[in-house]
Ligand code: F3S
Ligand code: F3S
């Protein structure tokens with residue numbers, strides 16, 4: 001799966017959402033998250049993010065390793081809805097994301 005990391009926080013550019021062929025990029029309050037079971041590893045989202053927030057899971061920089069779990073934990077309650085557009089914005093951001101100081105403002 002691909003992972004969204006810290007540069008997305010409070011920016012939420014959403015260019016990635018337009019590229020994803022399976023609509024598996026879900027919006028939280030502070031950033032967007034990729035549903036790891038729905039992502040088909042096509043790589044289409046990665047080059048379009050203007051702040052390079054998206055990485056293949058094995059290529060996530062060490063400083064952003066916690067975001068691998070964040071992209072999993074966001075879906076603890078949501079599960080695998082099978083499409084982000086029908087779900088819309090939800091407040092399932094993991095605790096450490098919710099606690100981050102304001103960024104990109
Ligand atoms: Fe975030 Fe980049 Fe997508 S800022 S919403 S990961 S295009
Ligand atoms: Fe979607 Fe492909 Fe990225 S399935 S999340 S655009 S790697």
query = In segment 23-45, which residues are more than 9 Å from ligand 1 (Cβ to nearest atom) and either part of a helix (DSSP H, G or I) or in contact (Cβ under 8 Å) with a residue 40 or more places away in the chain (or both)?
reply = 23, 24, 26, 28, 29, 30, 33, 35, 37, 38, 41, 43
ask   = Within segment 46-79, can you find the residues that are in a helix (DSSP H, G or I), crowded, with 17+ Cβ neighbours inside 10 Å and more than 16 Å from ligand 1 (Cβ to nearest atom)?
value = 72, 73
inquiry  = Condition first: within 13 Å of residue 55 (Cα to Cα), within 13 Å of ligand 2 (Cβ to nearest atom) and in contact with a helix residue (DSSP H, G or I) (Cβ under 8 Å, 6 or more places away or on another chain). Now tell me which residues in segment 6-31 satisfy that.
reply    = 16
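Each value in this text was obtained by applying a stated rule to the coordinates, not by laboratory testing. If you're wondering where the values come from, they're calculated on a predicted model, not measured in any experiment. Here Cβ is always computed from backbone atoms with ideal geometry, including for glycine, and neighbour counts include all displayed protein chains.
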